[in-house]
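S.K.: After the structure tokens below, expect a handful of questions from me.
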Amino acid sequence: MQYFDENELLKLKKHRSKLLWVFGVTVGIYLLITAGLLTWYILLPYASPTHGVIKAIEFVLTGLVIIFLFVFMGIPFKRTNKNYKFCLHLQDGKREVSEGSFFEYDEDIQYQEGIDCKSLVFIEWNKYKKDYFERKVLVFYDKPFPEIPQAQDVRYVTQGNFLISYEFISPDEKTQKIEEQAPNRIEWDDSDDDIQKI
């Protein structure tokens, strides 16, 4: 089952372009109004009382535009841009396939390259240390968790410890793999009750 796909990147790219368009339109309107006020200011007679009104309008307008752009670009665009770059990286990076038994969902916020994440906890076998360990695989915080039954054996693909896709391992497949990896299976020969090593 695919957790991350190209549609995610396309949605973020579209949203990012929309935010940039709003930013450009806002700046364009501000510059047009400022140019108009400046022209009006220049054409007025010397020491006209309207000079103060034009300055006040310009100061208020500039303040509103700065506040809007700071809030608009500092929060939504920054967040969207980070998500977009992160997803772009997920497409090109080196991927790793692992297997583990699903243990629990972890709602605690973790950060991966500035992105809010939560995690799936798997129990995985370390073939070098010959022991089990907990592995946290990251997913997007604002997306729902993939539905995985507890103690379900899962094969998952990650990139930078972030979930790309996963599939459930059937009990038959797991049994077959254990049998293939067993170095000395013992079977009984019913004919003479002798133990034979295979």
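The values are calculated or read from the model by the stated rules, or taken from the named source; none is laboratory data. Only a predicted model underlies this, so the values are computations on that prediction, with no experimental measurement involved. With ideal geometry, Cβ positions are generated from the backbone for all residues, glycine too; neighbour counts draw on all protein chains shown. In case anyone asks, the SASA skips ligands and DNA or RNA and just uses the protein heavy atoms, side chains included. Shrake-Rupley method; radii C 1.70, N 1.55, O 1.52, S 1.80 Å.
S.K.: Kindly indicate the residue of segment 67-84 that is open to solvent by 80 Å² or more (accessible area, probe 1.4 Å) and touching a residue at least 12 places away in the same chain (Cβ under 8 Å) and also nearest to Val25 (Cα to Cα) among those meeting that condition.
M.R.: Applying the first criterion (open to solvent by 80 Å² or more (accessible area, probe 1.4 Å)) to segment 67-84 yields 67-68, 70, 75, 78-79, 82.
Now narrow it down to the ones that are touching a residue at least 12 places away in the same chain (Cβ under 8 Å): 68, 82.
On the way: Phe68: 13, Lys82: 22 Å.
The qualifying residue nearest to Val25 (Cα to Cα) is Phe68.
S.K.: Return the total of residues in segment 43-54 being in contact with a Leu (Cβ under 9 Å, 6 or more places away or on another chain) and exposed (fewer than 15 other Cβ atoms within 10 Å of the Cβ). Working first, answer last.
M.R.: Pass one, segment 43-54, residues in contact with a Leu (Cβ under 9 Å, 6 or more places away or on another chain): 50-51, 54.
Narrowing the set further to residues that are exposed (fewer than 15 other Cβ atoms within 10 Å of the Cβ) leaves 50-51.
Of the residues in segment 43-54, 2 are in contact with a Leu (Cβ under 9 Å, 6 or more places away or on another chain) and exposed (fewer than 15 other Cβ atoms within 10 Å of the Cβ).
S.K.: Determine the pairs where a residue that is more than 16 Å from Leu32 (Cα to Cα), located within segment 44-62, has a partner that is aromatic (Phe, Trp, Tyr) with Cβ atoms under 7 Å apart, the partner being 6 or more residues away or on another chain.
M.R.: Once the first residue is more than 16 Å from Leu32 (Cα to Cα) and sits in segment 44-62, its partners that are aromatic (Phe, Trp, Tyr) give His51/Tyr41.
S.K.: Follow-up question, since we're still on this one. Specify the residue that is farthest from the chain's Cα centre (by Cα); the eligible residues are those in segment 28-42 that are without any contact (Cβ under 8 Å) to a residue 12 or more places away in the chain and open to solvent by less than 80 Å² (accessible area, probe 1.4 Å).
M.R.: Going through the qualifying residues, I end up with Thr39.
S.K.: Could you tell me which residue of segment 85-98 is farthest from Ala151 (Cα to Cα), considering only residues that are surrounded by fewer than 16 Cβ atoms within 10 Å (Cβ to Cβ) and free of Cβ contacts under 8 Å to residues at least 40 places away in the same chain?
M.R.: Among residues in segment 85-98 that are surrounded by fewer than 16 Cβ atoms within 10 Å (Cβ to Cβ) and free of Cβ contacts under 8 Å to residues at least 40 places away in the same chain, the one farthest from Ala151 (Cα to Cα) is Lys85.
S.K.: While we're on this one: Here are some residues: Gln176, Gln196. Which one is part of a strand (DSSP E or B), modelled with pLDDT under 85 and exposed (fewer than 15 other Cβ atoms within 10 Å of the Cβ)?
M.R.: Gln196
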